[in-house]
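Novice: Have a look at the structure that comes next, please.
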Amino acid sequence: MMNTKVYDGVGVMSGTSLDGLDLAWCSFQEGKNGQWQYEILKADTIPYTSAWRQKLRDAMNMNAYDYALLDVRFGTFIGETIRKWLGDDAKPQFIASHGHTVFHRPELHLTAQIGSGAAITAVSGIQTICDFRTTDVALGGQGAPLVPIGDELLFGKYDACLNLGGIANISFRYDDKRISFDICPCNIPLNAIAMLLGLPFDKNGQHARKGSLIHSLFDKLETLPYYQNPPPKSLGREWVESSFNPQIAPFVDSYAPDHILHTITQHIATRISDAIPEHAKTVLITGGGALNNFLIERLQALTASQVIVPEVHVVQYKEALVFAFLGLLRILNRDNCLKSVTGASRDNCGGAIYL
């Protein structure tokens, strides 16, 4: 049944690329044919300090006590950040926080995102939904990607939706089902190589553009076994560090960063072009990688689909927008995770609510 009520909430996203905390205050209203209308009322990225970036990077190697303490402190940080960002007069109906992924091993029925929902609620005074992935993983699913339900109900006019974050993932309809999977690493390795140049990232892909293809490195990356696996499938930082980065390491001392950036970019564009289905005439591209002009140019050269980069707020904050939407679906007790995407035994409604 269509609901004409207007809801508003703050979506919170901390991505694997460790750029910062993405905040999007959004409103939603259910429309016709199952599609929802949305508006991004306010959005910002709050950059992490070097100290926070290091803590989040080190989380997977912490002992149990320090890990549990970081969970609480990061939740407190999120709550304080949102309260300050909203100001005294603003009071959205809810906060939906993805948290920061530390462990993601769905084959072990394990996924863990830190950022205590209880702490967020206590500090902000706003009900909070978090822990979106664990129900799906417990049901045998990948727990990822979660954004496709938003692609289906908010961005259904596009044939495919591509997100270029720390990891690139795609979502599209096939045989009346929503299909989605992680394609390959994206900003994680690009940002790591940019740091060799003293840069947080390669703006517009300008250094990658100046480089040349390292054929032997390109061939190594192209033959990684993950790419042969059928969906559903997902990637985590652990895989990048254990399987992807070791392919690059031997080249760091022998080749300039520009050449390595060029080669990784060409690899990303190739993997994505292979993942775009033939029926997709229009592909919506969002995430930080959508602002990498060289990557977009290489991708457009490799695919017959029309790649569409929307206005900057949607590019930068689509994931935060969708997590706000996931939180709303949780409050409404509607499914927000699709078995056709994750491989779970059933569609499910994930998320823990802290009042």
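Novice: Scan region 302-351 for residues that are under 18 Å from ILE276 (Cα atoms), open to solvent by less than 70 Å² (accessible area, probe 1.4 Å) and among the aliphatic types (A, V, I, L, M) and jot them down.
Specialist: Hits for region 302-351 are VAL307, ILE308, VAL309, VAL341.
Novice: With among the hydrophobic types (A, V, I, L, M, F, W, C) and closer than 22 Å to VAL312 by Cα as the only criterion, which of LEU224, LEU164 stands out?
Specialist: Testing whether each residue is among the hydrophobic types (A, V, I, L, M, F, W, C) and closer than 22 Å to VAL312 by Cα leaves just LEU164.
Novice: In region 91-111, which residues are out of contact with any Leu (no Cβ under 9 Å at 6 or more places or on another chain) and closer than 14 Å to LEU23 by Cα?
Specialist: Correct list: ILE95, SER97, GLY99.
Novice: Open to solvent by less than 10 Å² (accessible area, probe 1.4 Å), within 30 Å of ALA324 (Cα to Cα) and more than 13 Å from the chain's Cα centre (by Cα): does that describe PRO189?
Specialist: Yes.
Novice: Which of the numbered conditions does ALA320 fail, given that it passes all the others? Conditions: (1) within 23 Å of LYS177 (Cβ to Cβ); (2) outside any loop (DSSP other than H, G, I, E, B); (3) of a type outside the set (Phe, Trp, Tyr).
Specialist: Against the list (1) within 23 Å of LYS177 (Cβ to Cβ); (2) outside any loop (DSSP other than H, G, I, E, B); (3) of a type outside the set (Phe, Trp, Tyr), ALA320 comes up short only on (1).
Novice: Of all the helices (runs of 4 or more DSSP H) wholly in region 92-158, which have at least 3 residues that are within 21 Å of PRO232 (Cβ to Cβ) and within 15 Å of the chain's Cα centre (by Cα)?
Specialist: Output list reads 148-154.
Novice: Looking only at region 40-71, count how many residues are hydrophobic (A, V, I, L, M, F, W, C), open to solvent by less than 70 Å² (accessible area, probe 1.4 Å) and closer than 21 Å to PHE323 by Cβ. Please lay out each step first, then the result.
Specialist: Step one: filter region 40-71 for residues hydrophobic (A, V, I, L, M, F, W, C), giving 40-41, 43, 46, 51-52, 56, 59-60, 62, 64, 68-70.
The next check asks that each one be open to solvent by less than 70 Å² (accessible area, probe 1.4 Å); those that pass are 40, 43, 46, 51-52, 56, 59-60, 62, 68-70.
Now narrow it down to the ones that are closer than 21 Å to PHE323 by Cβ: 40, 43, 46, 52, 56, 59, 70.
Residues meeting the conditions: 7.
Novice: While we're here: Report whether or not GLN142 is at pLDDT below 95 and over 21 Å from ASN293 (Cβ atoms).
Specialist: yes
Novice: Can you tell me which residue in region 218-261 is surrounded by the fewest Cβ atoms within 10 Å (Cβ to Cβ), limited to those that are farther than 28 Å from LEU146 by Cβ and among the small types (Gly, Ala, Ser)?
Specialist: ALA249
Residue-by-condition table, conditions (1) within 19 Å of GLY343 (Cβ to Cβ); (2) open to solvent by 10 Å² or more (accessible area, probe 1.4 Å); (3) out of contact with any Leu (no Cβ under 6 Å at 6 or more places or on another chain):
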{"site": "SER124", "(1), (2), (3)": "no, yes, yes"}
{"site": "ASP136", "(1), (2), (3)": "yes, no, yes"}
{"site": "GLY141", "(1), (2), (3)": "yes, no, yes"}
{"site": "ASP151", "(1), (2), (3)": "yes, no, yes"}
{"site": "LYS157", "(1), (2), (3)": "no, yes, yes"}
{"site": "ALA160", "(1), (2), (3)": "no, no, yes"}
{"site": "LEU164", "(1), (2), (3)": "no, no, yes"}
{"site": "PHE172", "(1), (2), (3)": "yes, yes, yes"}
{"site": "PHE181", "(1), (2), (3)": "yes, yes, yes"}
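The values are calculated or read from the model by the stated rules, or taken from the named source; none is laboratory data. What you see is a predicted model; the values in this text were computed from it and never measured. Every residue, glycine as well, gets a Cβ built from its backbone with ideal geometry; the counts of neighbours run over all protein chains shown. We work out accessible area using only protein heavy atoms, side chains counted, and drop any ligands, DNA or RNA first. Shrake-Rupley method; radii C 1.70, N 1.55, O 1.52, S 1.80 Å.
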